[in-house]
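Below is one structure, written out as C-alpha cells, with a few remarks after it.
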4 protein chains.
Amino acid sequence: MTTHTTDPSRTGSRRPRYAYLGPEGTFTESALLQVTGGEDTESFPCSDVVTALEMVRAGTADYAVVPIENSVEGGVNATLDTLSTGEPLLIVREMLVPVAFVLCALPGTRLEDVRQISTHPHAWAQCRGWIGRNLDGVTHVPATSTASAAALLASGEPQSFDAALCSELSAREYGLEVLASGVADNPNAVTRFVLVATPGHLPEPTGADKTTLMAHLPDNEAGALLRMLEQFATRGVNLSRIESRPIGDSLGRYSFSIDAEGHLADERVQAALVGLHRVCPIVRFMGSYPRADGVRPRLLPGTTDADFRAARDWVTSLLGSGSGSE
Amino acid sequence: MTTHTTDPSRTGSRRPRYAYLGPEGTFTESALLQVTGGEDTESFPCSDVVTALEMVRAGTADYAVVPIENSVEGGVNATLDTLSTGEPLLIVREMLVPVAFVLCALPGTRLEDVRQISTHPHAWAQCRGWIGRNLDGVTHVPATSTASAAALLASGEPQSFDAALCSELSAREYGLEVLASGVADNPNAVTRFVLVATPGHLPEPTGADKTTLMAHLPDNEAGALLRMLEQFATRGVNLSRIESRPIGDSLGRYSFSIDAEGHLADERVQAALVGLHRVCPIVRFMGSYPRADGVRPRLLPGTTDADFRAARDWVTSLLGSGSGSE
Amino acid sequence: MTTHTTDPSRTGSRRPRYAYLGPEGTFTESALLQVTGGEDTESFPCSDVVTALEMVRAGTADYAVVPIENSVEGGVNATLDTLSTGEPLLIVREMLVPVAFVLCALPGTRLEDVRQISTHPHAWAQCRGWIGRNLDGVTHVPATSTASAAALLASGEPQSFDAALCSELSAREYGLEVLASGVADNPNAVTRFVLVATPGHLPEPTGADKTTLMAHLPDNEAGALLRMLEQFATRGVNLSRIESRPIGDSLGRYSFSIDAEGHLADERVQAALVGLHRVCPIVRFMGSYPRADGVRPRLLPGTTDADFRAARDWVTSLLGSGSGSE
Amino acid sequence: MTTHTTDPSRTGSRRPRYAYLGPEGTFTESALLQVTGGEDTESFPCSDVVTALEMVRAGTADYAVVPIENSVEGGVNATLDTLSTGEPLLIVREMLVPVAFVLCALPGTRLEDVRQISTHPHAWAQCRGWIGRNLDGVTHVPATSTASAAALLASGEPQSFDAALCSELSAREYGLEVLASGVADNPNAVTRFVLVATPGHLPEPTGADKTTLMAHLPDNEAGALLRMLEQFATRGVNLSRIESRPIGDSLGRYSFSIDAEGHLADERVQAALVGLHRVCPIVRFMGSYPRADGVRPRLLPGTTDADFRAARDWVTSLLGSGSGSE
C-alpha cells in the first residue's frame, strides 16, 4: 500500500503522493492512515514539518499531513508559521488523533532503572505529571520526534538515555519492550493534524466547516485586537481557536492564527473576511474544510446566507429606486 | 413668484409645487426660500407637518419643507414619525435656519404690561430663560405655530394673551409692534429643515453627505443598542444624530432615528445598511443628501470605497482559486 | 381628604403636601391617588410640570407627581429637563396609569357634528389613528391639558372647538356628554408618573429597582455613545430606557436620559456610576426606587454584590501580600 | 563574585541566591548580570526553567532569572505555565537581552564543511533564514540550550553535529572557533527575561510599570475574549502583550497570558482586576514591576487615580445624601 521513494520527483506514478512528519510510526502516520485508508498511495516521511510542506509547494508531493495543534502544548509553531508565509497552501481536511504514549526500552530494562527518557518535547510536556509521580528524578533528553527516540534506542549504539516515550506503533516497529502504556497526563488529550494541498482544491461546504486564517493586528495597541474580533462578532462568526504569534520584528507585535466556524462559501464568513481585509495590514486565508467533530455552528438571528442576500438586495433596491424599507 | 392655490390638484401648472409648514412668515418659509430662491413656484402653507408630507404622498405637491430637528428641543416628533411610517418619502436636501424671535404685540402695548405670551411650544422652550429674566411671572399660551400666534393677535378679536413670540417676518407681515428682538436663550440656536420628495430622486453624492435612517432595536435589551451601533462602528461610519423614539406599543420599546455621515453610494454606508438590515427587525432608509454645513467625514483607514472593493475582490479571488493573501 | 390651599406656604399643617400637574381630573391625579390612597394630604394642582417640581425645590410642597414617559410620545421633555438641571431632586417612586380617553362635548352635540377637537398634544398623538378612522377631516386645537380642554368647553364661552378628548373623570366633573369612550390607538398605552422629593429620601432597595440617570456624552462622536454603554455592559447593568436629549448649545450634542435596572445600593450599579463619572463630563443621579411592575433583573454571572466584594477583597489581598490567585 | 554550590540549602550565607536557566554562558546569564552587577551573590545554573522556579518556591534560592518571551518565538511556555500554576511567585523585574548568535565549531572546521548544527530550538528558529541563505541543506540537531550544544561539541566525544549556534560568551568559554558571528534573522531581536521572587516583594510603582496576569476565559466561545478585553478597555488599561495558551483539558479551551500597562497600585489596574476576577473563572496576578524600556503609558481622559477617587467619592456621597451631581 505504501511505497517509500527517495526521490519522489522521479516517479511517474499517478498514485497520490503524501509527505508527512516522519519517521514512520509516529502519531502523524496514524493521521495519514485516516486519510488514505486502504488506498494505494506513495508516502514520504520527512524530518520536519517545514520539509513536508515545502514538498507540496515544490510539487514533489500532492499533499502533506502535519500536526497543527495539540490540547496541551497549543499550536504547532512550525506548521502555523510555514502556512502563514511563503507560497499559499490550503488546508483541505483535519484529523484528530488521541494522544497516548508508551514508555519503552531495550528488552531487559526495568522501570526502576530508567534515569533518562528521550522523546519529542511536546510529548514530554504531555507526560510531565505522570513522570513526576512514577519516575521521580528522571530527566528529559529531547528528540526530534517520538519515533526517532525509539529508533535511536533500538539502533544498538550507546545513548545518553535508557527509555523512550513514543507511540505503541513505534515500540512494536522497533522491537522495544513496553514498560508502561497509556502514559498521558490528560486522558482526553488529542492532537489535531491537517491535510495540506496547493490552492485550487477548496472542499465543498458541509454545514459543519472550519476556516483557518492568519491576520496581523492593524497596529500596536490592545484596542486593535478588540476591533479585529468585532469584525467576526458583527457577522455572527464564532471562533473555535485563536492563538497569538509574535510577528518577529520586535517585541509586542502579534499576528493571530484563527479558526473560525463556517466555510468560505458562507456569506457571514465572506463578510467577516472583507472586514478583516480592510482593518488588518495582512490577512491570509488558509482553507475551509469539514470539522473532524462534525459539530454545526449555532447561527444567530440575521446571519444566514438568506439574511445576507435579502439585506444586499434591499440595499441594491435602494440604489435603484432611491427608497426602501425593512 | 408664489401662488397660493386652495386645490393644488386642479392646477395644470408645470411649476414645482411646495407644501410647507405654514402659515406664511414662519421659519419654515425662510427654509423654503433657501430652496426656491427666485424661482417661479407654487407653494402651499399647511397647518401641520403631517399634512405637508401627505400632500407629497398624494401627489398634490412635488416637495414638502418641514422642520426635523432643533438645537434646543431635539427632533421634531411629527416629522420623524411621519417619515418613518406609511408610504416611503425621501429627504433630498437639508436647510439650516438660525433661531431668533421677536416679542411683538398690538401697537401701544408696553413690555411691562405683557402677562401672557402666545407662541409654539418649541419657541417657548427656546426662550424660557430670557422670559424668566425679563418678564418674570409671564405665562405661556400654546399656539399651533409662531406665526399663528401673531395672526391671532393681529385679528382684532379678544385673545387670552397680549403678546406673541414669532419671527421678525411674521411681526412685520401682521403689522405688530416689536417689543424686543433677538429673543433666544442660545444665540447659536438653529433649526434644521428638510426638503422631502417621493422616491426616485436620490441626490448625487458630494463627498459631504448625510444619510437618514430609522431602525427598530432587535429586542428589548440594552445590549441590542450596542450591537446596532457596532454595525456602524465596524464599517467606520460615524453618526451625527441619534434619537430614540418609543415604538408605541409598550413602554421600553424604542426605535432610533439616525443621521449617519456619508451617502448611500458610499460602500461603507451600504455595508452598514446591510448589517442593520440583518440585525434590526425594521429599518427604513429616508434619504442621502448633501450636508448643509459641507463638512466632509474623516475616514478611518480601511473604509474608503477602494478599500471595500479591494477586500471584496480578494474574497472573490479566494472563491475562484481557493487561495489568496492580503 | 384633599385640601386646595392657594398659598401652601401659609399652611401650618403637618399633612404631606403634593404638587401635581393639574388641573384636577387629569391622569396625573390618578397617579397621585395611587400614592396617597385614603391618606389625609394637601395637594396643589399646577399649570405645568416645571411649577410642580419647583414647589418641591422651594419647600412649598413635600412631593411632586409628574408624568415622565408615555408609551406613545416618549419622554416628557419638561420633566426630564427640569430634573436634569438646577437643584437636585430625587425620584422616589414610579406609578403606571393606563391611557384611555373619552371624547366628550356639550350635551346635545352629535358625533357627526364634531369638526374640531381640543386636547393636549400628547393625547391627540395617542388617538390620531382612531380620529382618522372615525372622524375624518376633524382637526386639532391644542390645549395645555386634557382637563383644561374639557373645562373650557364647559365654561359656556364660545370656543374654536366643539369637543374635548380627556379622561372620563374630567368629563364627569365638567358635566360633558360622552360621545365615545375607550378612545386610544393602542389599548396597552400607559403613562409613567414619578413621585419626586428632595434628596435625603433614598428608598430602600427591594430587589426589583430602577435607577434614573442623566449623562452628557463625553464628546461629539458616535463612538462616545458606545463607550458610555460599555460602562453599563461591563458591569452587567441592563437599561430599561434610554432617550437622547439635545444639550441645547448646538446641533449634534446630546445628553442621554437613562433608566438602569438596579438600585444605588447594588454594587454593580455603583461600579457603573463610577465608570460613568469618569468618562462623561456631566452625570446626574436622579433616584433609585422600586419598579412599578416588580420585575427583578436577571443577573449575569459575576455581577452579584458578593462577586464584587470577593473581587475587591482579592485585589486588597494582592496589595497586602503582593500575591494572590483566583 | 559568583559561587557555585551543589547544595544551596546547606549554605549559611546571607548573600542573595539566584537560580537561573543555565548552563553558564547563555543569554540568561547576561540577564542575571544585569541584575547582580558587581554584587556578591550565589548563583545556581539550572537545567531548565521549571527547576529554577521551583528552587524559589522551595526556598533554596531567593530569586530566579528565566526567559519569558522572545521576539521571534513568542512566549516561553515553560515559564508562563510554571508561573501560572502551583505556589504563587512574583515577577519583580524584567531585563532585555539582544539576541545575537555565533556559529562555532572545533578548531579546524571550515564553514563549508558544516552539515548539522546543534542549538536550542528557539535559537534555530531565530536563525533559520540566515542558515538557509548561507548554509543551504544544513539540518538542525536540537539541544537543551545554546550553551549545552557548545559544551557537547567541546567535550571531544563524537557528536551527530559539527557546529553549534550559541552566544559569543559560550564559544569563548568552551574554546570553540567562531565561523560566523552576528547570526540572527532579525537584527532587532531581543529576549525578555524576568526576575522572580516569592510574594511579599511587590516593587514600588515608578510610573512606567507593567503588570503580568493570567486569566482563563469564562467560557468556550469567542465572545468571551471580547468581554475579557473590555474589562481592560473600559478602565483605559492598554495591553502590551497577550498570548493564548491551551488550558490543556480539551482542544479549544484557552487561558490568556497578559502584560498590562500600569502597576497594581494604579486605580485603573485595580479596577480592571476587579472586573477580571468577576468574569473569569481563574485569574492570577504574577507581578507589577518597572518596564525595562521605561515607557510611560498615555492615559486616556478619566483614567487617572484622581479620576477614580473623585468618581468613588461621588458615589459615596450619593449613598450618604441620596443625591449628587457630576
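Before moving on, here are some points about what is shown:
- From the options B:Ala208, B:Ala265, B:Ala224, residue that is touching an Asp or Glu at 6+ places or on another chain (Cβ under 9 Å) and either crowded, with 19+ Cβ neighbours inside 10 Å or within 14 Å of chain A (Cβ to nearest Cβ) (or both): B:Ala265
- For first residues located in region A:232-244 and closer than 15 Å to A:Thr211 by Cα and acidic (Asp, Glu), partners that are assigned to a strand (DSSP E or B) and at pLDDT below 85 and lie 6+ apart or on another chain with Cβ distances below 7 Å form the pairs A:Glu243/A:Gly74; A:Glu243/A:Gly75; A:Glu243/D:Ser244.
- Once region B:284-312 is narrowed to residues that are aliphatic (A, V, I, L, M) and surrounded by fewer than 23 Cβ atoms within 10 Å (Cβ to Cβ), the residue that is nearest to the other protein chains (Cβ to nearest Cβ) is B:Ala310.
- Residue, surrounded by the most Cβ atoms within 10 Å (Cβ to Cβ), within region A:168-188, restricted to residues that are more than 14 Å from chain D (Cβ to nearest Cβ) and assigned to a loop (DSSP other than H, G, I, E, B): A:Leu176
- Flag if C:Ala125 is buried (at least 16 other Cβ atoms within 10 Å of the Cβ), over 22 Å from the mean Cα position of the chain (by Cα) and outside the structural domain of C:Arg57 (by TED's automatic domain parsing): no
- Exactly one residue out of B:Thr3, B:Thr79 is hydroxyl-bearing (Ser, Thr, Tyr) and either in the same structural domain as B:Ile247 (by TED's automatic domain parsing) or at pLDDT 85 or above (or both), and it is B:Thr79.
- Hits in region B:244-287 (condition: modelled with pLDDT of 95 or more and of a type in the set (S, T, N, Q)): B:Gln270
For every residue, the table says whether it meets (1) buried (at least 20 other Cβ atoms within 10 Å of the Cβ); (2) within 14 Å of chain D (Cβ to nearest Cβ); (3) closer than 25 Å to C:Pro205 by Cα.
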| position | (1), (2), (3) |
| --- | --- |
| C:Asp48 | no, no, no |
| C:Gly59 | no, no, no |
| C:Val65 | yes, no, yes |
| C:Val76 | yes, no, no |
| C:Gly86 | no, yes, no |
| C:Val99 | yes, no, no |
| C:Cys104 | yes, no, no |
| C:Gly108 | no, no, no |
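- Qualifying residue in region A:6-21 (condition: of a type in the set (Gly, Ala, Ser) and either at pLDDT 90 or above or within 24 Å of the chain's Cα centre (by Cα) (or both)): yes
- Number of residues in region C:158-181 that are aliphatic (A, V, I, L, M) and under 18 Å from C:Ser145 (Cβ atoms) equals 6.
- The condition of being farther than 19 Å from C:Ile91 by Cα, modelled with pLDDT of 90 or more and of a type outside the set (Asp, Glu) holds for C:Ala306.
- Any hit, region D:122-144, residues being within 22 Å of A:Pro158 (Cβ to Cβ), out of contact with any Cys (no Cβ under 8 Å at 6 or more places or on another chain) and of a type in the set (Gly, Ala, Ser): yes
- Of the criteria (1) assigned to a helix (DSSP H, G or I); (2) at positive phi, which one C:Ala52 fails: (2)
- Taking every residue in region C:111-138 that is in contact (Cβ under 8 Å) with a residue 40 or more places away in the chain and pairing it with any residue that is in a helix (DSSP H, G or I), at least 6 positions away or on another chain, the pairs with Cβ-Cβ distances below 6 Å are C:Ser118/C:Ala149; C:Thr119/C:Thr146; C:Thr119/C:Ala149; C:Ala123/C:Thr146.
- Cβ-Cβ distances below 8 Å connect no pair with a first residue in region D:26-55 that is outside the structural domain of D:Asp81 (by TED's automatic domain parsing), a second residue that is at pLDDT 90 or above, and a separation of six or more residues or different chains.
The values are calculated or read from the model by the stated rules, or taken from the named source; none is laboratory data. This is a predicted model, so every value here is computed, not measured. So basically every Cβ, Gly included, is an ideal-geometry build from the backbone, and we count neighbours across all protein chains shown.
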